[in-house]
Amino acid sequence: MGIEKLISKSVTFNSPRNTGSRMINTKYYTNSLLNPRIETHLILNKNSNKIEFSSKKFDNGDKFELYKLPDEVIKIVKNKFGEIKAFKSSISQHNENPMKTSENAKSIIASQTRNFLG
């Protein structure tokens, strides 16, 4: 199997509410621009704090999710039905409850997105 070449498309938004905050959305495509393989959403605020959510789709339907929060990095692999197959947090005690930790990470990303958009 050869190396797959990816095409990237990035869009940067400035926050209408918070001066100095930016959101950078990047999608990586293979040969079809209709179905991105990797999507990354990065929020940077004026204090240089950043929050990132990335996801990658695999051919078998599995999905890899990466949450980069200011104090934690969470990696999740889910099957095509959304069930967690593998989970890893940089905070070891969060590895004991993957469902709660992933829900908290989603909540933080959603809150930061709402705050960015105003």
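Charge dipole of the chain (Cα centre as origin; +1 on each Lys and Arg Cβ, -1 on each Asp and Glu Cβ, all else neutral): 320 debye, rounded to the nearest 20. Exceedance of the 20 Å cut-off in Cα-Cα distance is limited, within the set Lys9/Lys80; Lys57/Lys100; Lys50/Lys100; Lys63/Lys88; Lys46/Lys106, to Lys9/Lys80; Lys57/Lys100; Lys50/Lys100; Lys46/Lys106.
Around Ser21, what is the net charge, scoring Lys/Arg as +1 and Asp/Glu as -1 over all other residues with Cβ under 15 Å from its Cβ? The partial results should precede the final answer.
On the way: positive: Arg17, Arg22, Lys46, Lys50, Arg114; negative: Glu52.
Net charge around Ser21: +4.
Among the protein heavy atoms, those of Glu4 account for about 100 Å² of accessible surface (1.4 Å probe, every chain in place).
Taking the 1.4 Å solvent-accessible surface of the chain as the whole, the part contributed by carbon and sulfur is 51%.
Panel values: the chain, Kirkwood radius from alpha carbon pairs, Stokes-Einstein at 20 °C and 1.002 mPa s, translational diffusion coefficient 138 µm²/s.
Could you order Tyr28, Tyr67 by accessible surface area, starting with the largest, using a probe radius of 1.4 Å? Present the calculation step by step, with values, prior to reporting the outcome.
Working: Tyr28 75, Tyr67 5 Å².
The ordering from most to least exposed comes out as Tyr28, Tyr67.
Of the residues Ala86, Ser15, Asn45, the one whose Cα sits farthest towards the positive end of the charge dipole of the chain is Ser15 (charges of +1 on Lys and Arg Cβ, -1 on Asp and Glu Cβ, taken about the Cα centre).
Each Cα pair under 8 Å and six or more residues apart adds its separation to the average, and for the chain the resulting relative contact order is 18 percent. Taking every protein chain into account, the accessible area of region 30-87 amounts to 62 square angstrom per residue (probe 1.4 Å). Exposed loop sites here are trypsin sites (Lys or Arg not before Pro) in DSSP loop states with at most 16 other C-beta atoms within 10 Å. What is the longest stretch of the chain lacking them? In short, 81-118.
The values are calculated or read from the model by the stated rules, or taken from the named source; none is laboratory data. Remember, predicted model here, so these are calculated numbers, not experimental data. Because the Cβ atoms are built from the backbone with ideal geometry, glycine has one as well, and the counts that use them run over all protein chains shown. Quick note on the areas: whole protein, heavy atoms, side chains included, nothing else; ligands and nucleic acids left out. Shrake-Rupley method; radii C 1.70, N 1.55, O 1.52, S 1.80 Å.
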